[in-house]
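Just so it is clear, none of the values below were taken in a lab; they were calculated from the coordinates. Keep in mind it's a predicted model, so treat the numbers as computed, not measured. Neighbour counts are summed over all protein chains in view; Cβ atoms, including those assigned to glycine, are modelled from backbone coordinates with ideal geometry.
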Amino acid sequence: MTTERIDDVWGARTPHPRATAWPTRVDLHLEDGVSEADVDRWVQSACLLCSNGCGCDIAVKDGRMVGVRGRETDRVNHGRLGPKGLYGSTPWASSPDRLTRPLVREGGRLVETDWDTAMGRIVERSRQLLDEEGPLTHGFYTSGQLFLEEYYVQAVVGKAGIGTPHMDGNTRLCTATSAAAFKESFGADGQPGSYEDIEHCDALFLYGHNMAETQTVLWSRVLDRTHGDDPPRVVCVDPRRTTVAAEAERTGGVHLRPRVGTNQALMNALTRELMENGWVDEAYVATHTIGFDDLRSVVAPYTPEEAERVCGVPADDVRRAARIFGEAEAPLSTVLQGFYQSHQATAASVAVHNLHLLRGMIGRPGAGVLQMNGQPTAQNNRECGADGDLTGFRNWDNPEHVRQLADQWNVDPMTIPHWAPPTHVMQMFSYAEAGSIELLWISATNPAVSMPESARIRRILSKPEVFVIVQDLFLTETAELADVVLPAAGWGEKTGCFTNVDRTVHLSEQAVDPPGEARSDLDIFVAYADAMGFVDRDGAPLVKWRTPEQVFEAWKESTRGRPVDYTGLTYAKLRGPSGIQWPVNEEHPDGTARLYADGVFPSDTDVCETYGHDLVTGATVTEQEHRALAPGGRAFLKGAPYLPPHEEPDDAYPLRYTTGRSVYQFHTRTKTGRSRPLDDAAPDAWVELAAADAEARGIADGDRVRVESPRGAIEVRARIGRVMEGAVFAPFHYGHWDPAGTAEDADARQANELTMTVWDPVSKQPVFKTAACQVTRIGG
């Protein structure tokens, strides 16, 4: 069906009862003037414009991508696509401002050049720094949107070629807390739940997760349950009255609206209520968990009344939400940025696991956890180790795990940096600011817009002492500051795999050639490794693979025997009707719907991905301390008291500032901003205030306002209504790039001018959602 999905974001309903299959509905969008009969061929892929991972086919006509349709047979979306997927998947590819040749900085300007010159400059500077100062001069900052094969090669180059611990991805900004929470509770990363749990749950809890705008197809799946027979009750934790909050009220659930920065106090109160009311599976807890008594002591002071005092949530609403969870037969929880990017992020996300462990509600249909991702290949970044993780969910502190990788790559184990924790991107930028990182390679991300305290990031990227390399599709706000810019191929212009939130692996086939001289990220990393002369112990090339499929086969071997086991997958198998959930191996040849159904977790000292941390301070647990706990495959119940946020409102800045997303834009709009329907729907930034806060400041809907924090200010239009009193919401998508030329002040609308250089002590994820601010009217 051809769909109009700007106003009708979630499309037609297909309601169905509990425990029945989600009906199919095929969504399609083609360029104006192109019909299905005109399409030369359809090429298998999956959507790359949110973390849902919807299977789709790319329409190709005359060598161009001209549209997409949902794959009816795919387990993730059953044929559906959201507005970003429909309207934003292909227009960027033919945009006239695509990068088609490398650029180098000459006399302060970026000028076009050839690949030999551009790569020659990179190699010359890289060799000089390695020879004179060593590998700690190099930092790599990548994305959640490359393919698995590209992350794996980048990990090999950085960890075994250069030997630098300074590798991270913008997954640090969106899903680092998801990974950290899994490791703290279960011993290793990996989503326990499945999207199919939506069909089986009788209660659905969304913690800081505006699914209606961030994963629109998944929300369609929820709506088809809530509008069918025997619907689940929805509980929404969000300071804004979103569509999700409205559905919670409609289904007889509850909308919990905690003050920004107080999630942990609310979670402690919900946990206490389970214990106080006997909603604990004592046999499961005794057999499959560690830490119950300590957790009970931590949450004891957090009565519903205390939660009301700290969070502003009525005590009776806390009791009602806890009762819904405590009496549910199959509760499903999803978590996203409202927890991940907020104060005490890992502690609050771990508390969601605690609720499920206390009730033994994990690993079975309808009962599980989805700590959502924010990007389509964020999971692959974490799996492959192009970020701060060790490839294959291995433990940096476990010499045997390091040796396994060294053997796989045929290098000396001491080449792989494991003498200290890997460097997260917030620290990497601090090192670049201080002068110890002198080469910073940025691929497929735009930190000049997406990182906190934007003015500081721009200053660092502009330092002449930092040699900045950017590979991307367009001359982004970050690329404008680079010394070398490499034109990259995008989705549909290359082949590779990516894995979504519920561990579903898809293969995306190349549909068209990249424009001009643009190259795939895989080819760029391979070319750099070859030019640098990186070799293994036998003198053979370190990076031995030249095609995506060859890389995939090598990657599979690095996962053998690990929780993230891909060894049963092949490109041929992935060319089937649907994506497949890992682990896939001899024991699970067709994939695995849910993890931990047997109550056994990858927590043993010799198996786990981390020995754990103190959730308040981030202090690490030693191997000896972990071994003394004798986890024996049991999960950890961990708690933390509530602590006030780093920055509280005061007389000068009396409001709480929080950032988020719009349904019509993705990240910094590199792709979606080049789609006319999407950009017309959300062309400019805004802020949202509660009616009472607006009235007190003489602000009407649509007025132009100045929003200011101790770090910076923006000037945008105001919207009145959905956010709770005392809070201010701003979308983070908008930098100074303005495709339509309609922004009133494109240089004064960047939400991250106001945010803080502060991060969670465990996940190291930046705190985007707690800052003090003031809003003043500056015009009508």
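Calculated translational diffusion coefficient of region 655-779 (20 °C, 1.002 mPa s; Stokes-Einstein with Kirkwood radius over alpha-carbon pairs) equals 145 µm²/s. Exposure proxy ranking for C201, C54, C497, based on other Cβ atoms within 10 angstrom of each Cβ and starting from the fewest, stands as C497, C201, C54. Check which residues have an amide H placed less than 5 Å from Y657's amide H, if you skip close sequence neighbours. Amide H neighbours of Y657: V728, A771, A772, C773. Charged side chains reduced to their Cβ positions (Lys and Arg at +1, Asp and Glu at -1) give the chain a dipole of some 740 debye around its Cα centre. Could you tell me the ratio Rg/Rh of the chain? Both radii from Cα atoms, Rh via Kirkwood. Dividing the radius of gyration by the Kirkwood radius yields 0.94. Simple spin-label estimate for R459 and R575 gives 5.4 nm between the two label positions (7 Å along the Cα-to-Cβ direction from each Cα). In this model, which of K84/K573; K544/K764; K671/K769; K183/K494; K494/K544 are farther than 22 Å apart at the alpha-carbon? Distance filter (> 22 Å) returns K84/K573; K544/K764; K671/K769; K183/K494. Taking 0.36 nm per residue of separation and subtracting the current Cα-Cα distance, fully stretching the chain between D32 and D680 would add 231.6 nm. The GluC sites (Glu not before Pro) of region 437-510 that meet both conditions, a loop assignment by DSSP and at most 14 other Cβ atoms within 10 Å of the site Cβ, are E465.
Using alpha carbons only, how many angstrom separate the centre of region 170-205 from the centre of region 541-607? That distance is 18 Å.
Rounded to the nearest whole angstrom, the semi-axes of the ellipsoid equivalent to region 185-224, taken from the Cα gyration tensor as √(5λ), stand at 20, 13, 10, largest first. Were the residues from Q550 through E327 laid out at 0.36 nm apart, the gain over their Cα-Cα distance would be 75.3 nm.
A Stokes-Einstein calculation at 10 °C with viscosity 1.306 mPa s, built on the Kirkwood radius of region 1-89 over Cα pairs, returns a diffusion coefficient of 119 µm²/s.
When both region 658-725 and region 35-73 are represented by their alpha-carbon centers, they are found 32 Å apart. Less than 11 Å from a label point 7 Å out along the Cα-to-Cβ axis of N410: which backbone N atoms in region 548-563 qualify, by residue? Those under the cut-off are none; the list is empty.
Given +1 at the Cβ of Lys and Arg, -1 at the Cβ of Asp and Glu and no other charges, the dipole of region 387-457 around its Cα centre is 100 debye to the nearest 20. Packing here is the average count of other Cβ atoms within 10 Å per residue, and on that basis the peptides 581-587, 567-573, 257-263, highest first, run 257-263, 581-587, 567-573.
Working ranking of peptides 71-81, 268-278 by packing, defined as the average number of other Cβ atoms within 10 Å per residue, highest first, is 71-81, 268-278. Spin-label pair T287-A630: with each label point 7 Å from Cα along the Cα-Cβ axis, the two points sit 1.9 nm from one another. Sorting the segments 5-13, 219-227, 298-306 by their residues' average number of neighbouring beta-carbon atoms within 10 angstrom, most packed first, yields 219-227, 298-306, 5-13.
In a simple Cβ point-charge model (Lys, Arg +1; Asp, Glu -1; nothing else charged), region 655-779 has a dipole of about 380 debye relative to its Cα centre. Treating cross-link reach as a plain straight distance, find the aspartates and glutamates whose alpha-carbon is under 12 Å from the alpha-carbon of K159, omitting any fewer than eight places away in the same chain. Partners found: D168, D387, D389, D412.
So for the chain, taking the charge dipole from beta-carbon charges (+1 Lys/Arg, -1 Asp/Glu), which of Q408, H356, A181 sits furthest toward the positive end? Of the listed residues, the answer is H356.
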